[in-house]
Amino acid sequence: MNSVSDSYDVIVIGAGPGGYVCAIRAAQLGFRTACVEASETLGGTCLNVGCIPSKALLESSHHYHKAGHEFSEHGIKLDRLSIDVPQMLKRKEAVVSSITDGVAGLFKKNKVKWLKGHGSIAGPGLVTVTSKDGKNETFAGKHVVIATGSIPIQIPPAKFDHKQIVDSTDALSFKAVPEELLVVGGGVIGLELGSVWLRLGSKVTVIEAQNKILGATDAGVSREMLKILKKQGMNIQLSTMLESTEIVDGKVKMTCKQKDQSVEFQGDKALIAVGRRPLTDQVGLEKVGIKADSRGFIEVDKHYKTSVDGFYAIGDTIHGPMLAHKAEEEGIALAEMLAGKAGHVNYEAIASVVYTWPELASIGLTEEECKEQGIPFKTGKFYFKANGRAKAMNETQGFVKCLAHKESDRLLGVHIIGPTASELAAEAALAFEYGASAEDIARSVHAHPTLAEAMKEAALDVDKRAIHS
Ligand code: NAI
């Protein structure tokens, strides 16, 4: 029997957006709370090697692209434009540190104890923490929350060597711009990181198995994004399945199947971005018999309770979109439910965003889903090229597409391709939370001139009464 070093009301394993937010909320609610994290910094994939560093590089590369391609149109002349990749990476690291340090500060402020080391279940209500130097300590937790996140999927035809065949973490730290970059997977990560290196000068080829990019995205929206990215110079090969990879003369050579033909692509590096899998095989689920499916997703009920009393799971370890904001909301809802409150996550109102430029943000149902589910709907669309602010910004690509119920007018889906679509989607999320109709948005006063007016016009267009188109 392990001797117990300390006891907590709540022990959260993993300090990603799901785990650290859950721990803070639990502490706010008066629980004695600890959070186990093995990394040197808090924040998990999102803050350290995911959302935040990728957005930092997307921002830097966007500035570089604009300076090289768009400044002259604004009457700004630059003679000798160059990039300093090490400085770009240094800034990215500084952004990451300031945010991860911030989480450590929040833990102190809220009296969440950071148990440094690898956490694994030792028995009912028990968690063992193994520190870097191999020392084990066991803690008792009345409630134990598994929030260990996910890792990139490795596929047999392209095993990571982390030098030339890389995952998303590696692709955030290339020391120099690869001349030719292969990207396997035309999903969120492939297109975001592909965009970073494309803007910095790489020749980027995306190899995508399906006949569209961005999987479940509304088909019309996916088509528009494909057109835009191709125009930017991204070579996107659809219906192309990777079969094998070899390194020949220092280059990555990929053999793929494309419509019954064998095709080859070559690059200096290859980013494999074919999805992520839950990281649940090293947390000791078997010690207490917590059930997970064949892919490692932990089974939970609507209160995030696993099959074993006292153990809960949230975020990427359970089913649903692998999104930081989904994990955060689950962390908050769980802490509130443990405190006897009515924690709740509205899964209908979770925006998914692709931080390409223009950005893509989607919330609610796609047109295809409405059809599949037999929901009668009407569509409104408004193009940014007819929006004054977008014109002033010289950012006229894309549109807002609103889907509303044909009879009740209730909003069913909002899909935006455009400048700052990620920010514009917040209005749609609020509208969904309030069960708004398209008319509710159409009748709300939107400041002029703003990009958000495109949302109002798309809502007006649902009943074919847009003013500016
Ligand atoms: P993904 O599931 O978005 O896309 C993977 C793509 O790879 C799919 O289109 C699939 O058809 C393709 N694929 C799979 N095997 C293939 C093969 N052998 N050959 C060619 N193509 C193949 O996965 P991704 O981009 O790795 O992202 C993982 C998760 O991370 C996603 O669930 C996403 O939600 C999340 N994420 C979210 C971000 C955001 O919210 N902006 C940013 C980054 C990640």
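Values for this structure:
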read-out	value
Carbon + sulfur, % of accessible area of the range 248-396 - ligands and nucleic acids excluded, 1.4 Å	47
DSSP-loop GluC sites (Glu not before Pro) across the range 163-214, with at most 14 other Cβ within 10 angstrom	179
Modelled FRET efficiency - R0 60 Å, residue 209 with residue 130, Cβ distances, 0.05 increments	0.95
Relative contact order of the range 39-193, defined on C-alpha pairs under 8 angstrom at six or more residues apart (%)	24
Prolate/oblate/rounded call for the chain, Cα gyration tensor, a/c under 1.5 rounded	oblate
For residue 277, distant residues with modelled amide H under 5 Å away	151, 153
Extension reserve of the residue 176-residue 101 stretch, reckoned as 0.36 nm per residue once the Cα distance is removed	24.2 nm
Kyte-Doolittle at least -0.5, axis length at least 24 Å by Cα - qualifying DSSP helices, the chain	85-110
Rough spin-label spacing in nm, given labels placed 7 Å along Cα→Cβ, for residue 40 and residue 153	3.2
Extension reserve of the residue 287-residue 77 stretch, reckoned as 0.36 nm per residue once the Cα distance is removed	69.1 nm
Cα-projected label distance for residue 94 with residue 255, points at 7 Å along beta-carbon direction, nm	4.8
Where GluC sites (Glu not before Pro) fall in DSSP loop in the range 47-147, at most 14 other Cβ within 10 Å	70
Simple spin-label estimate for residue 302 and residue 216 in nanometres, 7 Å along Cα-Cβ	1.9
Karplus-derived 3J(HN,Hα), 6.51/-1.76/1.60, for each residue of the range 151-163, Hz, glycine and proline x	9, x, 6, 9, 10, x, x, 8, 6, 5, 10, 6, 10
Karplus-derived 3J(HN,Hα), 6.51/-1.76/1.60, for each residue of the range 346-363, Hz, glycine and proline x	8, 5, 6, 10, 9, 6, 10, 10, 10, 8, 6, 10, x, 7, 10, 10, 10, 9
Fraction of accessible area attributable to carbon and sulfur, the range 1-80 (%, probe 1.4 Å)	49
Accessible surface, the chain, averaged per residue in Å² (probe 1.4 Å)	47
For the range 171-176, Karplus couplings with θ = phi - 60° (6.51, -1.76, 1.60), whole Hz, Gly/Pro x	6, 8, 9, 4, 6, 9
Stretch gain in nm, segment residue 162-residue 450, where the contour uses 0.36 nm per residue and the Cα spacing is subtracted	99.3 nm
The range 349-461, relative contact order in percent, only Cα pairs under 8 angstrom and at least six apart counted	31
Under-5 Å amide H pairs with residue 141, H placed in peptide plane, nonlocal only	8, 126, 127
Estimated D of the range 387-458 in µm² per second, where Rh is the Kirkwood radius over Cα pairs and Stokes-Einstein applies at 20 °C, 1.002 mPa s	173
Pairwise FRET efficiency - residue 169 versus residue 373, Cβ, R0 = 41 Å, nearest 0.05	0.65
Proximal lysines to residue 257, defined as alpha-carbon separation beneath 28 angstrom and excluding residues fewer than eight positions away on the same chain	159, 163, 203, 212, 227, 230, 231, 269
Percent breakdown of C-alpha pair distances by 5 Å bin, ordered from the shortest bin, for the range 165-274	2, 13, 25, 25, 20, 10, 3, 1, 0
Separation of alpha-carbon centers, the range 283-354 and the range 47-80, rounded to whole Å	37
Percentage relative contact order, the chain, counting C-alpha pairs under 8 Å, at least six apart	14
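The values are calculated or read from the model by the stated rules, or taken from the named source; none is laboratory data. Here the structure is a predicted model, which means the values were calculated and not measured. Cβ atoms come from the backbone with ideal geometry, glycine included; neighbour counts cover every protein chain shown. Side chains are part of the model used for accessible areas, which takes the heavy atoms of the whole protein and leaves out ligands, DNA and RNA. Shrake-Rupley method; radii C 1.70, N 1.55, O 1.52, S 1.80 Å.
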